[in-house]
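The values are calculated or read from the model by the stated rules, or taken from the named source; none is laboratory data. Keep in mind that this is a model prediction, so the values were computed, not measured. Cβ placement follows ideal geometry from the backbone for every residue including glycine, while neighbour counts extend to all protein chains displayed.
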Amino acid sequence: MLFVNIGFVIFAGLIFAFTLWKELKEDYIENQIFGLSFMVFFGVATGYIVSKYIYPGFWFWTTLAGGVTGFVLALKKIGIKFLDIIDPFTLASIHSSVILLLGNLFLTKWDWRYLYLTVVLIILSLIYVFLKKNYKSFVWYKSGKVGFAGLAVIGIIFVTRTIIAVLSPDMLSFVGWADSILSASVALISFAALYKISKVK
C-alpha cells in the first residue's frame, strides 16, 4: 500500500505541474513553470515533515504553509507575476488534491469523508471554470484583471472549510474551533485581495 500511496502522490504532482504548464505556457518558459512547481513541492514536503514530527494534527495547515512559502519564494526568484499565476495555481491545486483524495479513497476502502471532499472539489473546479469564463462581465469588477477566479475560489474553499469546521469538526484534516478561525482568516484575506484588485485601474 505504501508504494500505491507514493504512486498517487507522484501522479498528483505531475498533474499539478502539467496544469500549470498548460495554463502558463503562452506567457512563461518551461524552466520558470517547472521551477515554480518544484519549489511548491519542496515547500509542501517540508510542511508535511514538520507536521509528522511536530504538529501531527495540523498537517493540512503546515503543508499549506509550506506550499505557500515555496510559492512566494518562487515568485520572487523566478519572476512570475502573482496575478498571472494565482488562477492556474488554484486550478492545479484543486486537480492535484482530487487525485490525492481519490488515492486515499481507494486506500481506505471508500471512507465517505474522502468521497464527500472529492465531490466538493469537483464542484469547486466547475465554479472556477464558470468564473474564469465570465468574470469580465461582472459589473462591479471594473478592473477586469486576471486573478478573479483563483482568489474567488480560494475564498469559497475556506468559507466552506469554516462552515464544515463548525458543523462537522471530525472531518478529515480539521482541528476543531482553531480550524474555523484559520479558515475564516484565509477566506477574509482572499476576498480582501479580490476587492483590492477590482479597484485597480
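Listing for the model above:
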quantity: Inter-residue pairs, beta-carbon under 7 Å, first part of a helix (DSSP H, G or I) and in the range 103-122, second among the small types (Gly, Ala, Ser), 6+ apart; calculated: LEU121/SER97
quantity: Subset of the range 46-69 [modelled with pLDDT of 90 or more, among the small types (Gly, Ala, Ser) and within 19 Å of LEU101 (Cα to Cα)]; calculated: GLY47, GLY67
quantity: Candidates ILE197, ILE99 - the one that is of a type in the set (A, V, I, L, M, F, W, C), within 15 Å of the chain's Cα centre (by Cα) and assigned to a helix (DSSP H, G or I); calculated: ILE99
quantity: Boolean, TYR135 is at pLDDT 85 or above and not basic (Lys, Arg); calculated: yes
quantity: Among (1) aliphatic (A, V, I, L, M); (2) surrounded by fewer than 19 Cβ atoms within 10 Å (Cβ to Cβ); (3) under 17 Å from the mean Cα position of the chain (by Cα); (4) farther than 24 Å from LEU105 by Cβ, the one test that VAL139 misses; calculated: (3)
quantity: Residues that are surrounded by fewer than 16 Cβ atoms within 10 Å (Cβ to Cβ) and either at pLDDT 90 or above or aliphatic (A, V, I, L, M) (or both), drawn from the range 96-112; calculated: LEU107
quantity: Subset of the range 130-148 [of a type outside the set (D, E, K, R) and either over 19 Å from VAL159 (Cα atoms) or in contact with a Cys (Cβ under 9 Å, 6 or more places away or on another chain) (or both)]; calculated: ASN134, TYR135, SER137, PHE138, VAL139, TRP140, TYR141, SER143, GLY144, VAL146
quantity: Test: residue in the range 155-174 that is buried (at least 17 other Cβ atoms within 10 Å of the Cβ), not small (Gly, Ala, Ser) and not in a helix (DSSP H, G or I); calculated: yes
quantity: Where ILE15 falls short, out of the listed (1) under 15 Å from the mean Cα position of the chain (by Cα); (2) buried (at least 19 other Cβ atoms within 10 Å of the Cβ); calculated: (2)
quantity: Hits in the range 126-143 (condition: part of a helix (DSSP H, G or I) and farther than 17 Å from THR90 by Cβ); calculated: LYS136, SER137
